[in-house]
1. For segment 156-185, name all the residues that are touching a strand residue (DSSP E or B) at 6+ places or on another chain (Cβ under 7 Å) and part of a helix (DSSP H, G or I).
2. Filter segment 64-87 down to the residues that are outside any helix (DSSP H, G or I) and hydrophobic (A, V, I, L, M, F, W, C), then identify the one that is farthest from residue 177 (Cα to Cα).
3. With outside the structural domain of residue 237 (by TED's automatic domain parsing), touching a Ser or Thr at 6+ places or on another chain (Cβ under 8 Å), free of Cβ contacts under 8 Å to residues at least 40 places away in the same chain and assigned to a helix (DSSP H, G or I) as the only criterion, which of 320, 352 stands out?
4. Could you grab the pairs with beta carbons closer than 7 Å, sequence gap of 6+ or different chains, first residue in segment 247-269 and over 24 Å from residue 379 (Cβ atoms), second one surrounded by 15 or more Cβ atoms within 10 Å (Cβ to Cβ) and of a type in the set (D, E, K, R)?
5. Determine which single condition residue 106 fails, assuming it passes every other condition in (1) assigned to a helix (DSSP H, G or I); (2) in contact (Cβ under 8 Å) with a residue 12 or more places away in the chain; (3) more than 23 Å from residue 135 (Cα to Cα).
6. Kindly indicate which of 175, 188 is in the same structural domain as residue 78 (by TED's automatic domain parsing) and closer than 30 Å to residue 368 by Cβ.
7. Is there any pair linking a residue in segment 210-228 that is in a helix (DSSP H, G or I) to one that is among the basic types (Lys, Arg) and at pLDDT 95 or above, with Cβ under 8 Å and at least six apart or on different chains, and which?
Amino acid sequence: MAMLRDYSPFTPGHPLPPSLFAGRQQEVEALLDSCRHAKHTGRIGRSYIEGERGIGKSSLAALVRELADREFQMLTVHVHLGGARNLDEMARRIFKDLAEASQNRPWHAKLTKALGSRLKSVGLFGTRVEFHATKEELTSLWQNLAAELGGLLELLKDQREGVLLILDDINGLADTPEFADWLKSFVDGIATGGKPLPLHLMLVSLPERRQQIVEHNPSLNRVFQIIEITPLSDEDTRQFVLGTLESVDMHIDEEALRLIVRFSGGYPAILQEVADAAFKRTESDRIGVIEAAEGIVDAAETIGRKYIKPEVLDAIQSSKYRSILSRVASLTTGESFARQEVLNQLDSSERKVFDNFIRRMRELDVITQDERGVYRFRNELNRLYYMLAVRAEAAAERRTE
């Protein structure tokens, strides 16, 4: 086995650097148009990026943020709200991240002075920021967020000409009626307040989280421009791999590239894991089909640990369940599959447990029913993982033969 390399141009688990961003040109232009319109009209822009896990939502938001900062001179902040359950915590993170994002920028001193004693630099080199405020102060901040942002923009008017506020990973907040009601009030207050505020508000989440928000406040259904993120095309996937490798003077054989494209399924999260693992498998300046295949095997375990629920992994320890999953994953590429179609591919022992398998996978939200006897994977990332896992198991069995 080749010695694993200790560096890689791929960045699993992190948003893509803008220099290596592939595809999504139409989505980028739509979001930048909203930034441009907000800046020039003083009217709020409202966008909602939605898509499945691993599809590249945060990377897209990060790219638009960099472009809005550079091209439109906007004050930008990308707030990750994972784990936040209330509006007080949302407010704390917004102002903490605003302060951190301004470090090494010309307006840092002005902004931190405005935020006052609630800010504290922490860490060995003071590169991180904590934002301490009382509950009353936090409540006032989210209740008056538009005025607070407008005040900061007025303070920085010689250097910044608008605001881009990105609220990402809002899964916990989406389940609360308070967030939906605040969101509607925030948007309406700016739109009807009479005082211009060149703000582009961008939300980022899974599609089902947006549906939760709309259920809590149906009026929000027509408020946002929906940017739906779908898998990358094969050509965009190819160009990403080739461009990333070219940045470090690496090459890849055509068959190896086809393998990586096929097993990533257009999902940047999986693509990064597989390509990174393949890169680390080679000791030369070229990735061959062996390294690509070994990378798929290596990536399967990592992807399962990062993206698949532990209870699902426990449920599929049964060899029969895993065999059935592999057949199902191979029969569909995001389309529905029929019960009878799968049964025709199974042996007698697998057929006996198939209905139990379907019931358990539905309980775990892995599979959903379209109509009687017709099912589909809840998301494509799950299906791709099972394809990777089956290939990894087959490779392991060959090693022991």
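The values are calculated or read from the model by the stated rules, or taken from the named source; none is laboratory data. Small disclaimer: the values here were computed from a predicted structure and weren't measured. In this analysis, Cβ positions are derived from the backbone assuming ideal geometry, glycine residues included, and neighbour counts consider all displayed protein chains.
1. 171, 174
2. Kept after step one, since they are outside any helix (DSSP H, G or I), are these residues of segment 64-87: 73-86.
Filter once more, keeping what is hydrophobic (A, V, I, L, M, F, W, C): 74-75, 77, 79, 81, 84.
Numbers: 74: 30, 75: 29, 77: 24, 79: 20, 81: 16, 84: 14 Å.
This residue is 74.
3. 320
4. 256/291; 257/238
5. With (1) assigned to a helix (DSSP H, G or I); (2) in contact (Cβ under 8 Å) with a residue 12 or more places away in the chain; (3) more than 23 Å from residue 135 (Cα to Cα) applied to residue 106, the lone miss is (1).
6. 175
7. These pairs meet every condition: 219/184; 220/184.
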